[in-house]
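Enquirer: Next up is a structure, given as structure tokens.
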Amino acid sequence: MPSPFAIHEHHEFLAASREALDSPNLQIALNRLGETLALGNRNAFERLPGSSLLRDKARAIKDETLAHLDRYIEQLEAAVTARGGHVYFATDGDDANEIVARIASERGITKIVKSKSMVTEEIHLNRHLEEHGIEVTETDFGEFIIQLAGERPSHLVGPALHKTAEEMAELLNRTVNANVTSDPHEMAQFARGLLRKKFAESQMGISGGNFLVAETGTLVIISNEGNARLTTSLPRVHVAVVGIEKLIPTLADLPIFLKVLARAATGQKMSIYASLITGPRKPGESDGPEEFHLVLLDNGRSRILGGPMRESLFCIRCGACLNVCPVYRKVGGHAYGGTYSGPIGAVITPLFDGLKENYHQPHASSLCGACQAACPVKIQIPELLIKNRVAQHEQHVAPRGEELIYRVWSRMMRSPKAYRLTTAIAGRVLGWFAADGWLSRLPGPLAGWTRSRDFPVPARKSFRDLWSEIGDD
């Protein structure tokens, strides 16, 4: 089975975007977002009385939790330990990978099943375990498909959203001799039979977590497939890898997030499965693992926590901002180059992996505000994108030619004389190349604008000139 690890291709956003725009199958899949997930999100919140107030409450809980995160982490650790679990603190991805690999090695584990987890994609856990000779099988159907394809997820909720049913069937037939058609039910039935064998053979289950309840030490996993429950209960060892920002204070807070998460992610009132896991199997219980291990991952989160981008840690990974984003709905998730895509990915990927290495992401936005309107915890994503752009400017990570152009433009905009002279020249010169008042091709670095749209020719007379003429009359 091919390794599913994601390869972060820095500086490839523009090339990947052009490739995505030229893919008919991808464009069909992305166009469906507006008809399915985005529409479901909007309708679900419209039918929920007081939905805006509920979202405000969810935001306030995240804000308060992050303000006292150290205290809640201590409370969580004590609660998990008291119930027979083990807690580990991982500074970065390498640290987390080593912890999981060590747990497996010490117990002689060679076969692992996994439920859907974006944080393990973030740290490339599968690759690390495979390098240690451990077989890892993704059990979410979408994750299973992209594992077979050797790709990374293209969406926070639908990891294989970029593939058509025909492409999935061809992949299954080619890689695991499935002999199936593109009928979704037929493919699901085949995958179910294959994965049930993997569950029966597995010695360890690895999951992520949607929420961690500090009060009780409870891990909460929300899903629409039964694979998550099998992953966390059938193998004798369960390891959960969860980002430290996923904490909430009490079980009484959980229903608020259950109401907004499903509606934001898929338009459902409630996801099909909501699993609350509190430690390993107790004496007298027939289900559950013998061991429960919780790996709390930092990986740059504590650094973000103390800075101006703190609000990005409110994210509950619902994917709502992706579904409504005009940029994501044209280029898809792989163009962003990292684990997290769309508007929230354009915020957090540069924070995790570096502003210079992810220069284009903060600029991949129209700043229309649709992402903020769809967010179940009302993250001010456009403002955060602008803050990333400011940080890039302050760190001088933009290409030198671009910096020079903007420096010249800035000086011109601050000088009325230079502005009037430049616009007058531009109006006359560009007019020579126009057809019916529009330019189909601009020179040099401006060519990107006219690659997919026409550019209006500047008016020969400026507003100031027209105003002067009116005044003279």
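Enquirer: Of everything in segment 18-29, what is out of contact with any Leu (no Cβ under 7 Å at 6 or more places or on another chain), part of a helix (DSSP H, G or I) and under 15 Å from Glu167 (Cα atoms)? Give them in sequence order.
Expert: Pro24, Asn25, Leu26, Gln27, Ile28
Enquirer: Continuing with the same structure: Of the conditions (1) in contact with a Gly (Cβ under 9 Å, 6 or more places away or on another chain); (2) exposed (fewer than 15 other Cβ atoms within 10 Å of the Cβ), Arg420 fails just one. Which one is it?
Expert: Unmet condition: (1).
Enquirer: Another question about this same structure. If a residue must be surrounded by 13 or more Cβ atoms within 10 Å (Cβ to Cβ) and in a helix (DSSP H, G or I), how many such residues does segment 40-55 contain?
Expert: The qualifying residues number 8.
Enquirer: Before we move on, is Gly307 free of Cβ contacts under 8 Å to residues at least 24 places away in the same chain, within 19 Å of Asp353 (Cα to Cα) and out of contact with any His (no Cβ under 7 Å at 6 or more places or on another chain)?
Expert: Judged against the criteria, Gly307 is a match.
Enquirer: Kindly evaluate Ala58 against the criterion of being in contact with a Pro (Cβ under 7 Å, 6 or more places away or on another chain), part of a helix (DSSP H, G or I), at pLDDT 95 or above and surrounded by 19 or more Cβ atoms within 10 Å (Cβ to Cβ).
Expert: Against the criterion (in contact with a Pro (Cβ under 7 Å, 6 or more places away or on another chain), part of a helix (DSSP H, G or I), at pLDDT 95 or above and surrounded by 19 or more Cβ atoms within 10 Å (Cβ to Cβ)), Ala58 qualifies.
Enquirer: Let me ask another. Out of all the residues in segment 78-94, which are out of contact with any Leu (no Cβ under 8 Å at 6 or more places or on another chain) and either farther than 18 Å from Gly208 by Cα or surrounded by 17 or more Cβ atoms within 10 Å (Cβ to Cβ) (or both)?
Expert: Ala78, Ala79, Thr81, Ala82, Arg83, Gly84
Enquirer: All but one of (1) surrounded by fewer than 21 Cβ atoms within 10 Å (Cβ to Cβ); (2) of a type in the set (A, V, I, L, M, F, W, C); (3) over 22 Å from Glu122 (Cα atoms) hold for Ile277, so report the exception by its number.
Expert: Tallying (1) surrounded by fewer than 21 Cβ atoms within 10 Å (Cβ to Cβ); (2) of a type in the set (A, V, I, L, M, F, W, C); (3) over 22 Å from Glu122 (Cα atoms), Ile277 fails exactly one: (1).
Enquirer: Which of the residues belonging to segment 307-326 are at negative phi, in a loop (DSSP other than H, G, I, E, B) and either crowded, with 22+ Cβ neighbours inside 10 Å or in the same structural domain as Glu121 (by TED's automatic domain parsing) (or both)?
Expert: Cys315, Ile316, Cys318, Cys325
Enquirer: Any idea which residue in segment 262-296 is farthest from Ala228 (Cα to Cα), counting only those that are of a type in the set (Val, Ile, Thr) and part of a strand (DSSP E or B)?
Expert: The residue in question is Val295.
Enquirer: For a quick check of your reading: which helices (runs of 4 or more DSSP H) sit entirely within segment 341-455 and have at least 3 residues that are more than 32 Å from the chain's Cα centre (by Cα)?
Expert: 400-413, 416-431
Enquirer: Just checking, does segment 247-254 include any residue being of a type in the set (Gly, Ala, Ser) and touching a Lys or Arg at 6+ places or on another chain (Cβ under 9 Å)?
Expert: Among the residues of segment 247-254, not one is of a type in the set (Gly, Ala, Ser) and touching a Lys or Arg at 6+ places or on another chain (Cβ under 9 Å), which makes the answer no.
Enquirer: Condition first: in the same structural domain as Ala346 (by TED's automatic domain parsing), aliphatic (A, V, I, L, M) and under 29 Å from Pro343 (Cα atoms). Can you find one or more residues in segment 387-395 that meet it?
Expert: For segment 387-395, residues in the same structural domain as Ala346 (by TED's automatic domain parsing), aliphatic (A, V, I, L, M) and under 29 Å from Pro343 (Cα atoms): present.
Enquirer: Mind counting the residues in segment 126-140 that are under 25 Å from His155 (Cα atoms), surrounded by fewer than 20 Cβ atoms within 10 Å (Cβ to Cβ) and of a type in the set (A, V, I, L, M, F, W, C)?
Expert: Looking only at that region, the number is 0.
Residue by residue, here is whether (1) aliphatic (A, V, I, L, M); (2) farther than 30 Å from Asp353 by Cα; (3) touching a helix residue (DSSP H, G or I) at 6+ places or on another chain (Cβ under 6 Å) holds:
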residue: Ala391; (1), (2), (3): yes, no, no
residue: Gln395; (1), (2), (3): no, no, no
residue: Tyr406; (1), (2), (3): no, no, no
residue: Gly444; (1), (2), (3): no, yes, no
residue: Gly448; (1), (2), (3): no, no, no
residue: Phe455; (1), (2), (3): no, yes, yes
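Enquirer: OK, next. Looking at the structure I just gave you, is Lys259 part of a loop (DSSP other than H, G, I, E, B) and either assigned by TED's automatic domain parsing to the domain that holds Lys116 or over 19 Å from the mean Cα position of the chain (by Cα) (or both)?
Expert: No; evaluated as a whole, the condition is false for this residue.
The values are calculated or read from the model by the stated rules, or taken from the named source; none is laboratory data. Quantities reported herein were computed from a predicted structural model and do not represent experimental measurements. Note: ideal-geometry Cβ built from the backbone for every residue, glycine included; neighbour counts use all protein chains shown.
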